[in-house]
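Novice: Below you'll find the structure I mean.
The values are calculated or read from the model by the stated rules, or taken from the named source; none is laboratory data. This is a predicted model, so every value here is computed, not measured. When we count neighbours, we look across all protein chains shown, and the Cβ atoms used for this are built from the backbone with ideal geometry, even at glycine. Remember, those area values only see protein heavy atoms, side chains included, never the ligands or the DNA or RNA. Shrake-Rupley method; radii C 1.70, N 1.55, O 1.52, S 1.80 Å.
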Amino acid sequence: MSTPLLAGERSTVRGAPGVSATLEKDTGRYEIADAALGWVFAGRLARAPEDVTTDEGRDELGAYRELRFRWRAPALLLGAIRTYLDSRVVLLSVTTTSATANEPRLRFPDFVEVPAHLEHFSYADREFAPPVFALEETATPWLLFDARGRAAVISPASHFMSASLFTDRGHLSSGLRREVSRLPAQFSQATLVAFASGINAAWDTWGASLVRLVAPAERPAAGADAALRYLGYWTDNGAFYYYNYDPGLGYAGTLAALVQHLRARDVPVRYLQLDSWWYYKSFTDPQGGRGGAKNPALPAAEWNRYGGLLRYEAHPGVLPEGLAGFQRRIDLPLITHNRWIDPASPYHEGYRISGVAALDPGWWAHVMDYLSEAGVVTYEQDWLSVLYRHSPELGTDPAAGEAFMDQMAQAAQARGLTLQYCMALPRHFLQGVSYPNLTTIRVSPDRFERSRWDWFLYTSRLASALRIWPFSDVLMSTEADNLLIATLSAGPVGIGDRIGSEDRENLALAVRADGVLVKPDAPLVPSDATYAADARREPTAMIAATYVEHAGLRSVHLIAYARDRHGTLARFTPGQFGIGGDAYLYDARDGTAMRVKPDTPLAFELPPERLLHLVLMPVTRAGLALLGDAEKFVPDGRARLSSLTDAPGELTVTVSFANEERTVRLFGYAPSRPVVIAHDGATGELTFEPRTGRFEVSVIPDSRLLIETAGADPVRHAVLSLRLQ
């Protein structure tokens, strides 16, 4: 029902408790507020509004109440401010009524009053979206927060490829990039504001709302494709076989020998990534610069170059059997890389190419047909920042930028391929929400190492909020700390070791014997306290957390490390991570545990090179804490403990085994010796240490329970009950 406003009236609509939006008809002043935070954001229209009404309805976020109005700036614009009854978010939008020039007066909202003394955080307009404690003018979400952790996230909510937030003239405003010259009639641009009493809570509220608004379909699950489900081998920058191979075997022969070697050693790599070395390229970069071979020690053929794409097909100098023939030879699914299209590419003759980017469904169909016929399961679009900056239409014409991204995703999805983005700008993260087959995204520079950790964790927060799984990039299996963080990221884990240098024992901490990753439910992200300390530039530890949740029982997995050469202390309480009752705090590096309460103050010394790895496992209603598989980084990951039921007096758990696995050693903590009963499968002798409370028991699967689900890996199960005597 629409209700008009009379002259001189001030109208307010109220959404979730404390959230409101107000418009003054005579002055054009508008504001959005969250009473729980005590925050108000306010602006003023260029002219007094006309035809002001209030309305109610329902959209993808649920029931709403909104203000609708018109004003001239100087073109006639339609505005709306929408509050939601069940969520602390506000959606603001502006729509043109006729074609008009893009200018600052069209920006809406344009906040000139904001809460004082707030800290700022966003993502820079560069590849891999580096985190910055400032407000960047690009299509990035802005995080505003105070010393108490009260927070708001503001971002564009549409047309991400041409959208931008602005801080000029002391205002916080939302609109389109300055490079966009004109807007058509009936063009709408939306902005989302999310409030929460916590920094990570604000990210989650904002991200969940944006996902539902833009693409109500479900986002990719934790095992949506090979990269998310399995251990993989990568040949990208930082890997041993990046533009490098055994000359006696050739490139294809070297990788075939690698796969054979890994199989012989029972290293369960389940897919292979092929980087830019396998297809035809030029010597010319997008700015016209020229150089020599990528690796001067190898033949100077068209594959061994650093420039743009000439032809997206396997070069016979490296894959003489072709891409499909090579895939059949190694019998592994492939992930394949691509870059920008070179100005000299013959593709310009047959397809519409804007600068260095294809804007032609036919080109994308050609590429994805070639890949799908060759056993490729994921298409990796790299150099997205270069494609955007050297294809002017992508950023100046909203329709063109979206067409480039849409065509890529649609052509891949039609052929069953998933996508990975690399070198993405913040706007690519937001645009990626539209595509259910975008599963993974790189969130830090090439070759994962300690210097990347902060960047990786902060930008994983952006990916995680948008339900895109972050990828750390290639690492060596000998690097236990890098491997741990990659596993806790819940994204892909990819190694790039030289043949014979792989560390099977380290890898076994991350995967089952069949190569399935045993990982948490969500990506590893910085704590609220870390945001606050870094905003103040305090020399504190990075503390980051993730979790596994079984039927309401949530375990928290923490890491902490110093970021200077002097070391530091990591301080926190379990309650800061959502622990509401007694829990066991397990130090995975020294194997010790202690029982803690939510308000127990904890402090850990962190020498410069130490990586602290902790698990907070709540004490169950059965009176004990089962951590899970003693030989895994994430002992209670769903790939190992597939279900867990916590009933008064008894804990029931289903343990999953790869077909190759014969036993798993479970461990946990209890105040007295527990009793373990096997309903399916069997158990070995239970050991219990009264001084520490640690118990361990070997579990054997039931050989009759081989379960083969379509599209999944065959597993065996054991079902156990645990209780105190």
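Novice: Among the residues of the stretch 560-568, are any more than 16 Å from Y669 (Cα to Cα), under 30 Å from the mean Cα position of the chain (by Cα), assigned to a loop (DSSP other than H, G, I, E, B) and of a type in the set (V, I, T)?
Specialist: no
Novice: Can you name every residue in the stretch 168-197 that is within 24 Å of the chain's Cα centre (by Cα) and either surrounded by fewer than 17 Cβ atoms within 10 Å (Cβ to Cβ) or more than 23 Å from F111 (Cβ to Cβ) (or both)?
Specialist: Residue satisfying the conditions is S197 alone.
Novice: How many of the residues in the stretch 344-391 are surrounded by fewer than 19 Cβ atoms within 10 Å (Cβ to Cβ), in contact (Cβ under 8 Å) with a residue 40 or more places away in the chain and in contact with a Gly (Cβ under 7 Å, 6 or more places away or on another chain)?
Specialist: Total satisfying the criteria: 1.
Novice: When residues of the stretch 639-651 are filtered for being open to solvent by 10 Å² or more (accessible area, probe 1.4 Å) and touching a residue at least 60 places away in the same chain (Cβ under 8 Å), how many remain?
Specialist: Counting residues in the stretch 639-651 that are open to solvent by 10 Å² or more (accessible area, probe 1.4 Å) and touching a residue at least 60 places away in the same chain (Cβ under 8 Å) gives 8.
Novice: Scan the stretch 394-420 for residues that are in contact (Cβ under 8 Å) with a residue 40 or more places away in the chain, more than 15 Å from L384 (Cα to Cα) and among the small types (G, A, S) and jot them down.
Specialist: A411, A412, A414, G416
Novice: Any residue in the stretch 118-141 that's within 14 Å of P156 (Cα to Cα): show its pairings with residues that are part of a strand (DSSP E or B) and among the basic types (K, R) at Cβ separation under 6 Å, as long as the two are six or more apart or on different chains.
Specialist: Pairs that qualify, where the first residue is within 14 Å of P156 (Cα to Cα) and the partner is part of a strand (DSSP E or B) and among the basic types (K, R): there are none.
Novice: Follow-up question, since we're still on this one. Could you please give the count of residues in the stretch 300-321 that are open to solvent by 20 Å² or more (accessible area, probe 1.4 Å) and over 20 Å from W363 (Cβ atoms)?
Specialist: 8
Novice: Considering (1) crowded, with 24+ Cβ neighbours inside 10 Å; (2) farther than 18 Å from G238 by Cα, say which one R415 fails and leave the rest.
Specialist: Tallying (1) crowded, with 24+ Cβ neighbours inside 10 Å; (2) farther than 18 Å from G238 by Cα, R415 fails exactly one: (1).
Novice: Where in the stretch 653-725 are the strands (runs of 3 or more DSSP E), entirely inside, with at least 1 residues that are of a type in the set (K, R), modelled with pLDDT of 95 or more and open to solvent by 30 Å² or more (accessible area, probe 1.4 Å)?
Specialist: By residue number, 664-669, 694-700, 715-724.
Novice: Right, here's the next one. Might you check whether a residue that is without any contact (Cβ under 8 Å) to a residue 12 or more places away in the chain, open to solvent by 10 Å² or more (accessible area, probe 1.4 Å) and not polar (S, T, N, Q) occurs anywhere in the stretch 502-519?
Specialist: Yes, the stretch 502-519 contains at least one residue that is without any contact (Cβ under 8 Å) to a residue 12 or more places away in the chain, open to solvent by 10 Å² or more (accessible area, probe 1.4 Å) and not polar (S, T, N, Q).
Novice: Being open to solvent by 50 Å² or more (accessible area, probe 1.4 Å), assigned to a loop (DSSP other than H, G, I, E, B), touching a Gly at 6+ places or on another chain (Cβ under 9 Å) and at pLDDT 95 or above, is that true of even one residue in the stretch 281-299?
Specialist: no
Novice: Counting only residues that are more than 16 Å from I579 (Cβ to Cβ), open to solvent by 10 Å² or more (accessible area, probe 1.4 Å), part of a strand (DSSP E or B) and charged (D, E, K, R), how many does the stretch 592-634 have?
Specialist: Of the residues in the stretch 592-634, 1 are more than 16 Å from I579 (Cβ to Cβ), open to solvent by 10 Å² or more (accessible area, probe 1.4 Å), part of a strand (DSSP E or B) and charged (D, E, K, R).
Novice: Provide a single number: the residues in the stretch 446-489 that are assigned to a helix (DSSP H, G or I) and of a type in the set (D, E, K, R).
Specialist: Number of matching residues: 5.
Novice: Let me ask something additional. Every residue in the stretch 470-494 that is crowded, with 24+ Cβ neighbours inside 10 Å, of a type outside the set (D, E, K, R), more than 11 Å from the chain's Cα centre (by Cα) and farther than 15 Å from F633 by Cβ, please.
Specialist: V474, G494
Novice: Could you please find all residues in the stretch 308-324 being closer than 19 Å to L417 by Cα and part of a helix (DSSP H, G or I)?
Specialist: L323, A324
Novice: A follow-up question, please. Looking at S444, S489, S434, S472, can you tell me which residue is within 27 Å of V214 (Cβ to Cβ), touching a Leu at 6+ places or on another chain (Cβ under 7 Å) and at pLDDT 95 or above?
Specialist: The match here is S489.
Here is a yes/no grid of residues against (1) under 17 Å from F456 (Cα atoms); (2) under 21 Å from the mean Cα position of the chain (by Cα); (3) among the β-branched types (V, I, T):
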site: D503; (1), (2), (3): no, no, no
site: A508; (1), (2), (3): no, no, no
site: A513; (1), (2), (3): no, no, no
site: L517; (1), (2), (3): no, yes, no
site: P520; (1), (2), (3): yes, yes, no
site: P523; (1), (2), (3): yes, yes, no
site: M542; (1), (2), (3): yes, yes, no
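Novice: Taking the conditions exactly as written (touching a residue at least 40 places away in the same chain (Cβ under 8 Å) and over 28 Å from the mean Cα position of the chain (by Cα)), does T654 satisfy them or not?
Specialist: yes
Novice: Within the stretch 21-65, track down each residue that is among the charged types (D, E, K, R), within 33 Å of the chain's Cα centre (by Cα), more than 18 Å from F111 (Cβ to Cβ) and assigned to a strand (DSSP E or B).
Specialist: Answer for the stretch 21-65, where residues must be among the charged types (D, E, K, R), within 33 Å of the chain's Cα centre (by Cα), more than 18 Å from F111 (Cβ to Cβ) and assigned to a strand (DSSP E or B): R58, D59, R65.
Novice: Same structure, new question: Output the residue which, of all residues in the stretch 138-163 that are of a type in the set (S, T, Y) and surrounded by 24 or more Cβ atoms within 10 Å (Cβ to Cβ), is farthest from G79 (Cα to Cα).
Specialist: Ranking the qualifying residues of the stretch 138-163, first place goes to T140.
Novice: When residues of the stretch 442-457 are filtered for being open to solvent by 10 Å² or more (accessible area, probe 1.4 Å) and either under 16 Å from A544 (Cβ atoms) or free of Cβ contacts under 8 Å to residues at least 60 places away in the same chain (or both), how many remain?
Specialist: Counting residues in the stretch 442-457 that are open to solvent by 10 Å² or more (accessible area, probe 1.4 Å) and either under 16 Å from A544 (Cβ atoms) or free of Cβ contacts under 8 Å to residues at least 60 places away in the same chain (or both) gives 6.
Novice: So, one more: Answer yes or no as to whether N244 is in a loop (DSSP other than H, G, I, E, B) and either open to solvent by 20 Å² or more (accessible area, probe 1.4 Å) or not acidic (D, E) (or both).
Specialist: yes
Novice: Being open to solvent by 50 Å² or more (accessible area, probe 1.4 Å) and assigned to a helix (DSSP H, G or I) is the filter here; which residues of the stretch 569-579 pass it?
Specialist: Result: Q576, single match.
Novice: Further, regarding this structure: Out of A224, A208, A256, report the one residue that is in a loop (DSSP other than H, G, I, E, B), among the small types (G, A, S) and modelled with pLDDT of 95 or more.
Specialist: A224
Novice: Looking only at residues in the stretch 520-552 that are open to solvent by 30 Å² or more (accessible area, probe 1.4 Å) and aliphatic (A, V, I, L, M), which one is farthest from I485 (Cα to Cα)?
Specialist: Once the filter is applied, the top-ranked residue is A551.
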